[in-house]
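The values are calculated or read from the model by the stated rules, or taken from the named source; none is laboratory data. Keep in mind that this is a model prediction, so the values were computed, not measured. Note: ideal-geometry Cβ built from the backbone for every residue, glycine included; neighbour counts use all protein chains shown.
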Amino acid sequence: MKWIFAAAEFIWKFRQQLRFGERSRLPLKLVRMELREGYAECDWIARRTDPWDVDVAGVVRDQNETWQALLDAISVREVLFASIPQVQAARLKVYRQQQAGEPELIITGTVSREDQPPRVSSLAMRAQLYGFQFFLEDGSLRPLGISKTLQFATE
């Protein structure tokens, strides 16, 4: 029962604490959560740019979206380990929803509870030190590759 309560706490925190981002008011969309003994997998759809940023330059919108996605990845890691003490490692994947077609993988990583990197001011470097992998080009996240394994819980 502890696992069920811990998983419910994670989902509640995911929906409440991560409801709004600092650069986008749109919510994160949890796609999949899987728990195994000492290990978790979690996939979600990254926030898009805030609708109020429609008049902001495209480069700035892309940078805001990148910054928000990296910050959310670190935050989800923290919420996961705080909510479910039995989990020692996790595989996290972040997707970006396309206007048409399948979501594209933009951030992935196997993170560990023990990983506590030194304080660095660069958000991208901090995310890499935590174990996240992503490709930045001109301040924007680029796809890591198309994954056909993404399946929604409703299917």
Those residues that are farther than 20 Å from Ile11 by Cα, at pLDDT 75 or above and either surrounded by 10 or more Cβ atoms within 10 Å (Cβ to Cβ) or touching a helix residue (DSSP H, G or I) at 6+ places or on another chain (Cβ under 8 Å) (or both), I need them from segment 36-55; list them, please.
Arg48, Thr49
Look at segment 56-82 and say how many of its residues are farther than 23 Å from Arg119 by Cα, small (Gly, Ala, Ser) and either assigned to a loop (DSSP other than H, G, I, E, B) or touching a helix residue (DSSP H, G or I) at 6+ places or on another chain (Cβ under 9 Å) (or both).
1
Considering only segment 115-124, state which residues are closer than 19 Å to Pro85 by Cα and either basic (Lys, Arg) or free of Cβ contacts under 8 Å to residues at least 12 places away in the same chain (or both).
Gln116
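May I ask you to list the residues in segment 52-89 that are within 20 Å of Glu34 (Cα to Cα) and under 12 Å from the mean Cα position of the chain (by Cα)?
The first filter runs over segment 52-89 and keeps only residues within 20 Å of Glu34 (Cα to Cα), leaving 72-89.
Passing the criteria: Asp72, Ala73, Ile74, Ser75, Val76, Arg77, Glu78, Val79, Leu80.
Take segment 4-15 and flag every residue that is more than 13 Å from Leu28 (Cα to Cα) and loosely packed, with under 13 Cβ neighbours inside 10 Å. Before you say what the answer is, go through the steps one by one.
Of the residues in segment 4-15, the ones more than 13 Å from Leu28 (Cα to Cα) are 4-10.
Within segment 4-15, Ile4, Phe5, Ala8 qualify.
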Under 9 Å between Cβ atoms, at least 6 apart or on separate chains: pull out the pairs that start in segment 129-155 with a residue that is under 14 Å from Ile45 (Cβ atoms) and surrounded by 16 or more Cβ atoms within 10 Å (Cβ to Cβ) and end on any residue that is of a type in the set (S, T, N, Q) and modelled with pLDDT of 50 or more.
Leu141/Thr66
